[in-house]
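Notes follow the structure.
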Amino acid sequence: MSKTYYNPDDLKKFADISEWNQELGGKFFDYYTKVFEEGALSAREKSLIALAVSHVVKCPYCIDAYTKDGLQRGITKEEMMEAVHTGAAIESGATLVHGVQMMNKYNKLSM
């Protein structure tokens with residue numbers, strides 16, 4: 001197995017982040033757990049959102065976790081890939097729309 005910067009085994013240690021600050025770690029995990037409960041969105045929908053966001057923020061731990069979670073919730077590979085493309089479209093659109101800021105600045109400076 002090749003070595004990478006990210007160690008897949010570290011995902012299993014996620015809860016350990018509370019060790020150095022129990023209060024804040026506990027509050028985070030309470031919030032995190034609450035967010036992923038059934039609500040206006042189903043847990044399945046939230047899993048797809050989390051998978052898309054995981055790709056946008058480029059978190060390999062999250063990608064692993066929400067790919068597995070999605071499989072357990074019956075999310076198909078096609079649905080997963082469509083969610084990833086949706087995230088990519090938003091990310092690239094957000095980058096490109098900032099081009100308007102550059103255009104405005106250029107126009108102002110070149111007058």
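The values are calculated or read from the model by the stated rules, or taken from the named source; none is laboratory data. For clarity, every value in this text was computed on a predicted model and none was experimentally measured. Cβ coordinates were reconstructed from backbone atoms using ideal geometry, including for glycine residues, and neighbour counts include every protein chain displayed.
General observations
- If you go through the stretch 90-111 and keep only what is among the aliphatic types (A, V, I, L, M) and in a helix (DSSP H, G or I), you end up with Ile90, Ala94, Leu96, Val97, Val100, Met102, Met103, Leu109.
To keep it simple, each residue is scored yes or no on (1) within 26 Å of Thr76 (Cα to Cα); (2) modelled with pLDDT under 95; (3) among the hydrophobic types (A, V, I, L, M, F, W, C).
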site: Tyr5; (1), (2), (3): no, yes, no
site: Pro8; (1), (2), (3): yes, yes, no
site: Ala15; (1), (2), (3): no, yes, yes
site: Gln22; (1), (2), (3): no, no, no
site: Thr33; (1), (2), (3): yes, no, no
site: Gly39; (1), (2), (3): yes, no, no
site: Ala43; (1), (2), (3): yes, no, yes
site: Leu48; (1), (2), (3): yes, no, yes
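- Scan of the stretch 1-23 for residues that are of a type outside the set (Val, Ile, Thr) and touching a helix residue (DSSP H, G or I) at 6+ places or on another chain (Cβ under 8 Å), ordered by number: Tyr6, Pro8, Asp10, Leu11, Phe14, Ala15, Ser18, Glu19
- When the stretch 15-42 is filtered for residues that are part of a helix (DSSP H, G or I), surrounded by 14 or more Cβ atoms within 10 Å (Cβ to Cβ) and either hydrophobic (A, V, I, L, M, F, W, C) or in contact with a His (Cβ under 7 Å, 6 or more places away or on another chain) (or both), only Phe29 remains.
- Whether a residue is outside any helix (DSSP H, G or I) and either touching a residue at least 12 places away in the same chain (Cβ under 8 Å) or surrounded by 14 or more Cβ atoms within 10 Å (Cβ to Cβ) (or both) was assessed, and Gly87 does not pass this test.
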